[in-house]
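In what follows, a single structure is set out as structure tokens and then discussed.
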Amino acid sequence: MYANKKDQSIGLLLKALLKERSLSMRKLSALTGIDTATISRIANDKQQAKPEHLQQFAHHLGVPAYKLFKAAGFNFEMQPEQQHSDIHASVDTIQEILASSNLFDQQYTTERVQQELTKYEKYALTEEGKRIIMEEFQAKVDQVSGAGPFIDQLKLMHKLFCKNKMTLEERSIIGSALLYFVLSADIIPDYVFPFGYLDDAIAVQLVLNRLPQIKATAQQGDNQL
């Protein structure tokens with residue numbers, strides 16, 4: 001099984017996956033839109049696979065894309081506990097991939113995502129912001145076929161937001177992630193990592209990190225009363 005083969009090239013891995021799924025290179029070409037000759041050169045280690053190639057292979061072959069990225073020579077390591085998460089990587093690992101890919105400059109950072117979240121926090125408390133979250137969230141989920149990173153966390157956030165059983169600060173922060181998912185243009189292009197939506201994943205992680213801090217601060221305030 002490919003997962004047990006260390007130091008396996010992208011060519012060997014791709015051939016193994018095609019064999020396991022009884023797919024020809026011509027059929028994979030039809031599925032992905034990638035020229036058959038290009039797939040053949042990648043499978044025979046005669047051409048470097050591009051990130052968009054790997055994303056397409058992962059999607060249509062049904063494997064975590066980080067395995068293909070690693071086999072293709074992208075320099076990053078996965079921790080065991082990360083391998084079963086929705087995005088198959090932590091925010092730190094995402095940043096390592098962006099750095100190793102040499103495709104982006106410093107503007108594609110967590111700070112950029114945080115700036116967008118901050119912009120949406122107040123908007124989430126307006127009537128228009130609430131309407132967008134309530135009415136347009138499911139359409140966006142359907143648009144990505146429910147396959148985006150952290151989609152389960154986003155659905156939970158949406159459920160909590162709709163129930164309205166939280167403080168205004170919590171509602172503002174959770175709403176910012178939901179608005180980011182529904183409205184934002186991608187800061188990081190979707191093809192870079194498994195199934196795209198990297199910046200949405202970073203946004204959700206930032207919000208999940210903030211919520212316990214808010215509760216801890218509130219608890220300290222209550223203890224001081």
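The values are calculated or read from the model by the stated rules, or taken from the named source; none is laboratory data. Keep in mind it's a predicted model, so treat the numbers as computed, not measured. Methodologically, a virtual Cβ is constructed for each residue, glycine included, from the backbone with ideal geometry; neighbour enumeration extends over all protein chains shown. Please note that ligands, DNA and RNA were not included when accessible areas were found on the heavy atoms of the full protein model with its side chains. Shrake-Rupley method; radii C 1.70, N 1.55, O 1.52, S 1.80 Å.
Structure above, values below:
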{"read-out": "Tabulated pairs, segment 193-215, first more than 17 Å from L179 (Cβ to Cβ) and part of a helix (DSSP H, G or I), second at pLDDT 75 or above and open to solvent by 10 Å² or more (accessible area, probe 1.4 Å), C-beta under 7 angstrom, 6+ apart or interchain", "value": "I214/E169; I214/E170"}
{"read-out": "Any chance A185 is among the hydrophobic types (A, V, I, L, M, F, W, C), buried (at least 23 other Cβ atoms within 10 Å of the Cβ), modelled with pLDDT under 85 and closer than 23 Å to K130 by Cα", "value": "no"}
{"read-out": "For Q107: the one exception among (1) at pLDDT below 80; (2) open to solvent by 40 Å² or more (accessible area, probe 1.4 Å); (3) outside the structural domain of V204 (by the TED database)", "value": "(3)"}
